[in-house]
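Everything on this sheet refers to the single structure shown next.
The values are calculated or read from the model by the stated rules, or taken from the named source; none is laboratory data. Values in this document were obtained by computation on a predicted structure and should not be read as measured data. Ideal geometry is used to build each Cβ from the backbone, glycine not excepted, and the neighbour counts take in all protein chains shown.
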Amino acid sequence: MSEQTPTAPAAAAPIEKSEVEKRFLDAVKADERAGYVGYLVETSKLVDVATAVRDEMGYDYLSSITAVDYFSDAPDAKNFIEVVYHFYKSTGGGALELKVQTPRDNSVVASLTPLYPGADFQEREAYDLYGVTFEGHPDLRRILMWEGFAGHPMRKDWKEAFYEDEAKPFKNRWPEGQVYRIEDRNPYNKNNKYPQGFDPTNFKEVDDPKLYEVLERAAREYTEDIDTEQVVVNLGPQHPSTHGVFRMAVRLDGETIVALKPVMGYLHRNHEKIGERNTWTMNMPFTDRLDYLASMSNNFGYALAVEKLMGDKGTPPERAQYLRVIMAELTRISNHLWAIGFLLNDLGAFFTPALYAIEERELILDVFEATTGSRMMCNYFRFGGVARDLPDGILEKIKLLVHDRLPRKIDELDIYLSENELVRSRSEGVGVITPEEAIAFSTAGPVLRASGVPYDIRRADPYGIYDRFKFDVAVRYHGDVYDRYMIRIDELRQSLQILGQALKDLPAGEIMNGKNPYQVRVPAGESYGRVEGPKGELGYYIVSNGKGNPARYHVRAPSFINLTILEKMCVGQKVADVVVNLGSIDIVLGEVDR
Amino acid sequence: MYGLGILKGMWVTLTHFIDSYVEDIKWMGRKRYFTEEGVEHRRSVDAKGIFTVQYPEEKLPVPEEFRYVPFLVYEVDEEGNKHDRCTSCGICAKVCPPQCIWIVRTEDPVTKRPVPEPVDFFVDVDICMNCGYCAEYCPFDAIKMDHDYEMASFDRHAEHIFNKEKLSKPVSYYAGIRPANYTREEAIKAEEAAKKAAAAAAKAAAATAAPAAPPAAPAATE
C-alpha cells in the first residue's frame, strides 16, 4: 500500500510496516486516527494474520492483549470494543501493534491462545472485564471476578458500588465542601447489582463447578499404568507459600500433580477503572500499589507511557534521567534480594537467608525514604522529571552501598546458598521451561532469561538512558528453579554495574522539565510504555482523548502473565515443588490481581 | 566433596552469629541499645550483627522528607492571633488521588465576597494514601505532611475525619520537623518579597519621576 500514515512515527520500523500491509492487502490497514499507530485487522482474518506475523515475520512474542471500550452516550456515536495486541520479536526491536474491532453488544474475536499460549490469561481477563468472547479459547472463564458476577466492570457504562462521579475531582470536595463518607450516604446493597435470578438472601455457597470441570478435563489426558484415585486439593488462598491471597486448585495422583489451575482475583480492586476515573497525575501514587515491592519501576513505566504522548514537554532533564535509572536499579536490587530470600523460605530454609537479604533491602529502603518520603510507596516520578532531588548525604550513602556493602553482601549470599547441596538438590531440574515455551507463554524477566532467552528490554528496546550503560544481559540456560535463582544473583551484579556508571556520570542540574503542574495536558492518542521491571516486562497501555483523565489505562502486569506457565511447570512434579515453582516466578499479588 | 557447600553456608551463619557478640564487645562502655547513637549505628551502612530495632522502646528517626497524613500550617502574629496560610484555593482537594480533602468556604456577611481562610477543612485520614501531592502542589505552603505516625484510635467514625482544629499546627512546628524545606521556602519567599519590594519601589520611583518630569522640564527652562 502506498498510503502513509501521517501520525505514525517514521522511525518505528517502517520496513515491517509496509511488509505487513503488502502481505495482507485486503485484511490489514494502517490505523489513521490521530496519535495512533499500528494496524487495524479485519476481525475474521485475525488468526491468519497472527500466524503469518509469527511464522513469517518473526514476531514470536505476544507481549500484551487488552481491550478498549470506545463508548459515548451521544446518539450518533460509533461505539465499539477494540482488542489491542502488541507483538515483539524475541530478538529485540519495536512493537507491531494489531487491533481488531468488534461491536459492543456481541463482542466476538478469535482466540490467539492456540497460537500463543501466553494469550490465555490475558484473553480471560479481557473476557472477564470487557465481555469479549474469544472463540476457540480452551478455557474461557472469568479470571479476576467470580463466576456469576453481573456485568463487565471495565466497560464504560458499568458503575461501581460506591459510584460518585464519572471522573475525579469530585464536586463535593471542592467547591462544595460537603463532608460525608460515600458509604454512609450510599450504603451497601443500595447500589449493588446482581445477576438475573440471583437472590443474595438465599445464597448458598457452591463450589466453582467450571473450575473443577477444567481440572477433570486436564486429568483425562493423564495416563498412568496403575489405576489410582485422584484427589483435588486447594493450595491457598490463605497459605504462606502463596505470597498473598492466591489459590492453586490441583488434582493429585498420590503426590504427583496431574493438573493445576491458578485462581486469583482475591485482591482485585479494579485498578484500571480507578485509573480511568483518576486524572493523569493522580495515577502515579496508585501505580506504587501494583507491585508494592518495586514501586519505582511501576512509576517509571507509567511516566514513560504518558511522556510518549506529551512529546517534548515530557522529556526529563539529564539529572532526572540519571536519578530515574539509579532509583530503578536500586529497586531491582531490593526486589531481587526479597525474591531470593523468600524463594529460600519456600525451599525450607526458613527465614535465615530471607533475613540476611532483607537487612540489605532495608538499607535501600532507607535511601528511598529519605529521598521520596516513603519506604515502599515512593511516588517519585513526575511527567518530565522526578519529584525531589537527593537530600544531603544520601548520594554518599548510595555510593557506599553500591561500591562497598552490596557487592560484599551479594557475594556472601552467593557463597551462603549457591553451592549448598540441599538447595541444589531441591531446585535443579525442577520446573524446567524450554526457551521455546518461555517465549510462547509470554513469560518475561528473570523467568524468560533463565530459560536461555537473552531478552532484556533495557537492551532489546532501550528506554530512558539505558543505551548509555555497559552491562551484560544476564542469561542462564537450564530453565529450572536453580537457574531462576542464579539469574537473580547475576542481575544483582549487573544492576550494581549500571549503578556504578550512573553514579559516576550523575550530572548536576534541573530535575523537572519546566514546572510541575497539578494538571497535565496529554494530547489525544495511544501509547504503550514498557520497562524491564524486576519481575519482567511491565507495560502501560494508555489511551488519551485529550481530557484530564485517561480514556484507557491498562497495566501489563508481569507477575500475572508469568503465572500462565505455572501449570506447565508443575504438571508431573510433586506437591512440594509447586511451592518452589511459584516462589521462583516471584509474584506479587498486588500486581497479579490489580 | 558432598556437604562442602552446606559447610560453607554454615560458616556464613556462624560469622553472623559471632559478629553480633563482637559488636557488643566493641560497644562496651557505650550503650548499643536504647540510645539514639546505637539505633543510628544499627541502621548505618557499616551495621553488623544485630540490626533490628526494638519498637516501641526504640524508634527509628524519620528523615525530613518522611510523609504521613497532612496538616495545616498557621502563622501566629505578634498579638497571638492565628492566621491560616490556606486560602481555600482548592488545589489540594482537586489533586488528591483518593479525594479525602473537603474544604468549607464562606463569604463575608457584609461585603459578600469569599473569605480566603477556610471555615473548616476536613481530611479523612482513613482514606488518605500519604502520597504527599497536597503538600507538593500547594502554592501557599499551607498544607504539609506530618511526621507523627502513631495515630491509631478506637473509633474510626468519630476520630478519623480530622477537622481544621485537629489539623492546624503552627509554623514553628513545621520548621521543627522539616528544617531544610522550611529554610528553602523562606529563602524563596524573602527573595520574592525583595523582588516585589524592588519592583514596587521602582514603580513608585517611576510614578514620582513621571509626574515630576514634566514640571521638571519647565523648571529647567526657567
Could you tell me which of the residues A:Gly509, A:Gly529, A:Gly533 is more than 30 Å from A:Asp404 (Cα to Cα) and either modelled with pLDDT under 90 or in contact with an Asp or Glu (Cβ under 8 Å, 6 or more places away or on another chain) (or both)? A:Gly529
Given the conditions (1) under 28 Å from B:Ile6 (Cβ atoms); (2) without any contact (Cβ under 8 Å) to a residue 24 or more places away in the chain, and given that A:Leu344 satisfies all but one, which numbered condition is not satisfied? (2)
Take the stretch A:102-142 and flag every residue that is of a type in the set (Ser, Thr, Tyr) and not in a loop (DSSP other than H, G, I, E, B). A:Thr102, A:Tyr127, A:Tyr130, A:Thr133
Residue hits (the stretch B:114-135; in a helix (DSSP H, G or I) and at the interface with another protein chain (Cβ under 9 Å from one of its Cβ atoms)) are B:Tyr133
Inspect the stretch B:144-161 for any residue being within 9 Å of another protein chain (Cβ to nearest Cβ) and closer than 22 Å to A:Ser374 by Cβ and give the result as yes or no. yes
Regarding B:Ile161, is this residue modelled with pLDDT of 85 or more and among the β-branched types (Val, Ile, Thr)? no
I need the full set of residues from the stretch A:411-431 which are buried (at least 22 other Cβ atoms within 10 Å of the Cβ) and either basic (Lys, Arg) or within 24 Å of A:Glu537 (Cβ to Cβ) (or both), in order please. A:Gly431
From the list A:Thr372, A:Thr434, A:Thr443, pick out the single residue that is surrounded by fewer than 22 Cβ atoms within 10 Å (Cβ to Cβ) and either within 7 Å of chain B (Cβ to nearest Cβ) or under 30 Å from A:Leu566 (Cβ atoms) (or both). A:Thr434
Looking only at the stretch A:90-99, decide whether some residue is closer than 24 Å to A:Asp139 by Cα and either assigned by TED's automatic domain parsing to the domain that holds A:Asp456 or at pLDDT 85 or above (or both). yes
Just to be sure I understand, how many residues within the stretch B:3-28 are among the aromatic types (Phe, Trp, Tyr) and away from chain A (no Cβ under 14 Å)? 2
Members of the stretch A:74-114 that are among the aliphatic types (A, V, I, L, M) and over 21 Å from A:Ala557 (Cα atoms): A:Ala74, A:Ala77, A:Ile81, A:Val100, A:Val108, A:Val109, A:Ala110
Out of B:Cys92, B:Cys100, which single residue is within 9 Å of chain A (Cβ to nearest Cβ), out of contact with any Lys or Arg (no Cβ under 9 Å at 6 or more places or on another chain) and closer than 30 Å to A:Pro169 by Cα? B:Cys92
Of all residues making up the stretch B:110-128, the number that are of a type outside the set (Phe, Trp, Tyr), buried (at least 18 other Cβ atoms within 10 Å of the Cβ) and in contact with a helix residue (DSSP H, G or I) (Cβ under 8 Å, 6 or more places away or on another chain): 2
Meets criteria (within 14 Å of chain A (Cβ to nearest Cβ), of a type in the set (S, T, N, Q) and out of contact with any Lys or Arg (no Cβ under 9 Å at 6 or more places or on another chain)) for B:Thr111: no
Of the numbered conditions (1) of a type in the set (A, V, I, L, M, F, W, C); (2) out of contact with any Ser or Thr (no Cβ under 9 Å at 6 or more places or on another chain); (3) in a helix (DSSP H, G or I); (4) touching a residue at least 60 places away in the same chain (Cβ under 8 Å), A:Leu304 fails exactly one; give the number of that condition. (2)
Members of the stretch A:446-469 that are of a type in the set (A, V, I, L, M) and either within 14 Å of another protein chain (Cβ to nearest Cβ) or in a helix (DSSP H, G or I) (or both): A:Val447, A:Leu448, A:Ile457, A:Ala460
If a residue must be among the β-branched types (Val, Ile, Thr) and either under 11 Å from the mean Cα position of the chain (by Cα) or outside the structural domain of B:Lys169 (by TED's automatic domain parsing) (or both), how many such residues does the stretch B:105-151 contain? 1
Within the stretch B:76-101, the residues that are without any contact (Cβ under 8 Å) to a residue 40 or more places away in the chain and β-branched (Val, Ile, Thr) are B:Ile101
Can you say whether A:Asp392 is surrounded by fewer than 18 Cβ atoms within 10 Å (Cβ to Cβ), at the interface with another protein chain (Cβ under 10 Å from one of its Cβ atoms) and out of contact with any Gly (no Cβ under 9 Å at 6 or more places or on another chain), as far as the supplied structure shows? yes
Can you work out which of the residues in the stretch B:45-89 that are of a type in the set (Ser, Thr, Tyr) and surrounded by 15 or more Cβ atoms within 10 Å (Cβ to Cβ) is farthest from the other protein chains (Cβ to nearest Cβ)? B:Tyr74
When the stretch A:62-94 is examined, which residues are found to be of a type in the set (Val, Ile, Thr) and closer than 18 Å to A:Tyr463 by Cβ? A:Thr91
Residue selected from the stretch A:305-334 under the condition of a type in the set (Val, Ile, Thr) and farther than 18 Å from A:Tyr553 by Cα, by the criterion surrounded by the most Cβ atoms within 10 Å (Cβ to Cβ): A:Thr331
Six or more apart or on different chains, Cβ under 7 Å: which pairs go from a residue in the stretch B:133-152 that's surrounded by 13 or more Cβ atoms within 10 Å (Cβ to Cβ) to one that's small (Gly, Ala, Ser)? Could you list them? B:Glu136/A:Ala387; B:Ile143/B:Ala135; B:Lys144/B:Ala135; B:Met145/A:Gly373; B:Met145/B:Gly132; B:Met145/B:Ala135
Residues of the stretch A:266-304 satisfying the condition of being surrounded by 23 or more Cβ atoms within 10 Å (Cβ to Cβ) and outside the structural domain of A:Tyr540 (by TED's automatic domain parsing): none
Here are A:Thr372, A:Thr331, A:Thr352: which of them is of a type in the set (Ser, Thr, Tyr) and in contact (Cβ under 8 Å) with a residue 40 or more places away in the chain? A:Thr331
Output for the stretch A:66-81, where each listed residue is surrounded by fewer than 20 Cβ atoms within 10 Å (Cβ to Cβ) and touching an Asp or Glu at 6+ places or on another chain (Cβ under 9 Å): A:Tyr70, A:Phe71, A:Asp73, A:Asn79, A:Phe80
Which number in (1) outside any helix (DSSP H, G or I); (2) over 22 Å from the mean Cα position of the chain (by Cα); (3) modelled with pLDDT under 90 marks the one condition that A:Gly431 misses? (2)
